[in-house]
Structures are given as structure tokens and as C-alpha cells.
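Following: one structure in C-alpha cells, then a few remarks.
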Amino acid sequence: MPGAGYVIARRGLILLFSYVMIIIVVAAIMEVTGYTQRIYEAIVKESVQAEIQALVRAGRQFTPTELEQIRKDLTIYYSKMYGLIDENGNPVPPYVRMWILVGNALTFNLGKATKESVAQLASKLPPVPVVELIAIVLPRTIIMITVADIIMASIALVLAPRIAYRHGGILDRAIITYFAVFNAIPLWWLAMIFILILGYQFKVFPTNLRPVSTYMMTFWEDPLGNFTQIAYFAALPIITIVIAGLGGWLYSVRAMVLRIVREDYVVVAKAKGLPERDIARRYILRVAISPVLTSVILSLAYSLGGFIITESVFDWPGMGSLYYAALTTGDTPTVIGLFVVTVGVYITARFILEILYIVLDPRVRAR
């Protein structure tokens with residue numbers, strides 16, 4: 001049987017290869033279809049127009065011939081900047097731009113966000129390096145969505161085995177009903193209802209959550225005070241997400257462990273009169289740990305991408321809002337940067353799972 005180190009290294013290389021191939025395929029699609037070229041041509045046009053308008057506002061006077069030459073020179077300058085033409089002024093073929101895009105993505109040279117609505121999420125003016133932009137926005141999504149997922153997962157891991165243990169009881173039926181009801185209610189709709197009731201009517205929570213970015217950027221100036229303010233702003237989104245998603249977590253973990261509850265060794269443990277808590281922990285959850293762990297870690301990885309509609313409803317300046325702003329404005333560097341980070345998070349989460357599988361179940365090494 002191969003050693004654990006060999007198995008981990010082999011699977012790490014497979015995941016790394018998968019990551020590179022995904023980046024190559026996406027870069028090929030974006031370049032071969034002409035998507036990035038159209039976007040960059042639009043950016044070049046906007047940049048040239050902005051430069052000329054700035055010169056005119058400054059009181060500079062130009063003849064039509066001079067103005068046309070300036071426009072031409074600026075177009076060449078920005079076209080070179082965005083890789084549309086080479087140093088000799090020749091168009092760069094799509095397959096060449098594709099590999100440049102792949103190289104930049106793999107080295108996290110993701111360029112700069114050029115749209116004002118995108119840069120504003122980081123309280124900056126464009127252009128803003130995409131890596132810096134994501135680094136500023138990502139912690140906000142962690143505070144709102146990942147924390148909510150951690151709360152839901154923790155509750156589900158404690159309660160679901162006991163619910164499955166008492167399959168068919170009142171609590172079990174209540175959880176199924178709870179899941180069915182809230183699974184039919186869109187999260188963004190529930191968010192609007194909570195904002196209306198708890199924000200506007202009872203004024204328990206703030207209705208404008210965008211100022212949370214200020215407290216996060218100045219956190220170390222007053223850690224305790226800023227932490228209190230951040231918790232105050234994040235409370236309503238977290239409560240909403242937990243209420244909406246807890247039923248799904250309970251139902252999913254319950255379904256994973258329900259089969260185990262019916263195994264002979266669990267029946268024997270019950271017959272011996274062992275405490276319910278010990279049966280749930282030692283005989284049920286311990287055996288179901290692999291699928292449960294997969295669900296928890298992949299859900300936490302998924303949460304880092306943010307919820308586009310929910311963050312928009314709360315006006316929360318996180319990854320979901322960044323996705324929305326980048327897609328609607330055609331900010332290609334940010335779109336690519338978000339994709340690279342999202343795929344990287346999933347690959348990392350999968351690698352962590354591979355390690356945990358080997359630690360928890362040595363039989364995995366033989367596969």
C-alpha cells in the first residue's frame with residue numbers, strides 16, 4: 001500500500017493539473033470567441049475619449065487634424081497596454097493573447113479594474129489592481145456568508161445525528177416541514193422582508209450596510225469599537241441566511257446519517273442502553289464523518305464566492321456584489337480574477353478534503 005505522503009502528492013498534482021486545464025479552457029473560450037477583444041476595444045475607446053475630454057476641460061485648443069492625431073496616438077497607446085497590438089502596431093492573434101491570459105492568471109498578474117462602480121467597492125478610484133480589490137472585498141463576504149455557514153454547519157452537526165436517531169419523531173417531522181417551507185422561499189425575498197420589518201419598521205438593524213467597509217478598513221485603529229460596529233452591520237444578513245438555510249443543512253446531514261442509524265451496531269448500542277449522546281457521537285457521526293466533512297468544507301468554499309442577489313439586496317460590499325458589478329460593466333480583468341480565485345478556492349478545498357480523508361480513513365490510500 002502506498003504511503004500517505006505519496007498519495008497526497010499524487011492527488012495534489014492531479015488537482016493542480018485540473019486547475020491549469022480549467023484556466024486554459026476558459027482563456028481559450030474568452031479569446032477565441034472574441035469576448036475579451038470586444039471588451040478591451042470598448043475600454044480603449046472609453047479611455048481615449050476620457051483623455052481627450054480631460055484635455056479639452058483643461059482649456060487646451062486643438063485643430064481637427066491635431067485632435068485626430070492625438071486620438072490615434074492614444075488609441076495605439078491603450079491598445080498596446082491591453083495587448084491588442086504589439087510594439088510594431090500589428091494585431092496580436094487570439095491564440096497568443098490566450099496564452100498571455102493563462103500566464104497572467106496562473107501568476108496572479110490579474111491586471112487592474114478599470115470601472116468606477118467596481119473600484120468603489122474597495123472605496124478607491126480606478127484603476128485598482130484586481131488582486132488588491134479581491135483582498136479587500138473577500139473578508140466582508142467571509143464575515144457575512146461564511147460565518148453564517150459555519151453557524152449552520154455547527155448546529156446541524158450537533159442536532160442532525162440526534163434527529164436521525166429519533167427518526168419519525170415529532171422533531172424529525174418538524175425539521176422536514178421547516179426545510180420544505182424555507183426551501184421554497186428565495187433567500188433574497190426573505191432578506192427584503194427582514195429588512196422591511198427589522199430595519200425600517202422596528203429599526204432594530206441598519207438598512208444601509210455599505211458603511212461596514214469603513215469599519216473594516218480602519219479596524220486596527222479601534223479593534224473593539226470597530227468589531228462591535230461590524231457585528232451590528234452583519235447581524236441581520238447572518239440571521240437571515242441562518243434562518244433560510246438551517247433547514248437545508250439539518251435535512252442534508254440527517255439524510256447522510258439516517259442510513260447509519262439503521263445499521264446493526266447502532267441497534268446493538270441502543271439495546272445496551274448506551275447514552276444517546278454517545279451513540280450519536282461515537283457510532284453515528286464518526287462513521288458518517290466523510291460525507292459530512294465533504295458537505296461542510298465544499299459549502300464553506302462555495303460561500304467565499306458570495307451570493308450575488310442576496311448581497312445586492314443588503315447592499316453588502318462583498319464578493320457577490322463584486323461579481324455583479326464586474327459582469328454588468330464588462331470589467332474583464334475583474335471577471336477573470338474572480339474566476340481564478342473561485343476555482344483556486346475549490347481546488348484548495350478539494351485538496352484539504354483529500355488529506356482529511358487519508359487521515360480519517362486509511363483505506364482511501366489504496367484507491
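Descriptive notes on the structure:
- Set ILE85, ILE22: member being more than 30 Å from ALA135 (Cα to Cα) and at pLDDT 85 or above: ILE85
- Failed item, numbered, when GLU87 is tested on (1) surrounded by 12 or more Cβ atoms within 10 Å (Cβ to Cβ); (2) under 21 Å from ILE100 (Cα atoms): (1)
- Just one of the listed residues (LEU298, LEU258, LEU224) is assigned to a helix (DSSP H, G or I) and surrounded by 18 or more Cβ atoms within 10 Å (Cβ to Cβ), and it is LEU258.
- Among (1) open to solvent by 10 Å² or more (accessible area, probe 1.4 Å); (2) modelled with pLDDT of 80 or more; (3) of a type in the set (Val, Ile, Thr) - the single one VAL359 does not satisfy: (2)
- Among residues of the stretch 185-200 that are open to solvent by less than 60 Å² (accessible area, probe 1.4 Å), those with a beta-carbon under 7 Å from a residue that is in a helix (DSSP H, G or I) and among the aromatic types (Phe, Trp, Tyr) at least six positions away or on a different chain give the pairs ALA191/PHE314.
- The residues listed here are VAL20, VAL26, VAL44; of these, the one that is under 20 Å from ILE85 (Cα atoms), touching a residue at least 24 places away in the same chain (Cβ under 8 Å) and not in a loop (DSSP other than H, G, I, E, B) is VAL44.
- In the stretch 318-336, residue most open to solvent (accessible area, probe 1.4 Å) [restricted to those that are under 22 Å from ILE100 (Cα atoms) and assigned to a helix (DSSP H, G or I)]: LEU327
- Condition met for LEU224 (of a type outside the set (Gly, Ala, Ser) and either farther than 22 Å from VAL296 by Cα or out of contact with any Ser or Thr (no Cβ under 6 Å at 6 or more places or on another chain) (or both)): yes
- Every pair of residues 6+ apart whose Cβ atoms lie under 7 Å, when the first sits in the stretch 270-292 and is at negative phi while the second is among the aromatic types (Phe, Trp, Tyr): GLU276/TYR165; ILE279/TYR165; ALA280/TYR165; TYR283/TYR265; ILE284/TYR165; SER290/TYR357
- Taking first residues from the stretch 75-93 that are at positive phi and touching a residue at least 24 places away in the same chain (Cβ under 8 Å) and partners that are open to solvent by 40 Å² or more (accessible area, probe 1.4 Å) and outside any loop (DSSP other than H, G, I, E, B), the Cβ contacts under 8 Å between residues at least 6 apart in sequence or on separate chains come to GLY83/ILE100.
- Where a residue in the stretch 168-179 is touching a residue at least 12 places away in the same chain (Cβ under 8 Å) and its partner, wherever it lies, is surrounded by 12 or more Cβ atoms within 10 Å (Cβ to Cβ) and of a type in the set (A, V, I, L, M), with Cβ under 6 Å and at least six apart: ASP172/ILE163; ILE175/ILE163; ILE175/LEU250
The values are calculated or read from the model by the stated rules, or taken from the named source; none is laboratory data. None of these values were measured; they are calculated from a predicted model. Counting neighbours? That spans all protein chains shown, and the Cβs are built from the backbone with ideal geometry, glycine included. Heads up: the accessible areas ignore ligands, DNA and RNA and are worked out on the full protein's heavy atoms, side chains in. Shrake-Rupley method; radii C 1.70, N 1.55, O 1.52, S 1.80 Å.
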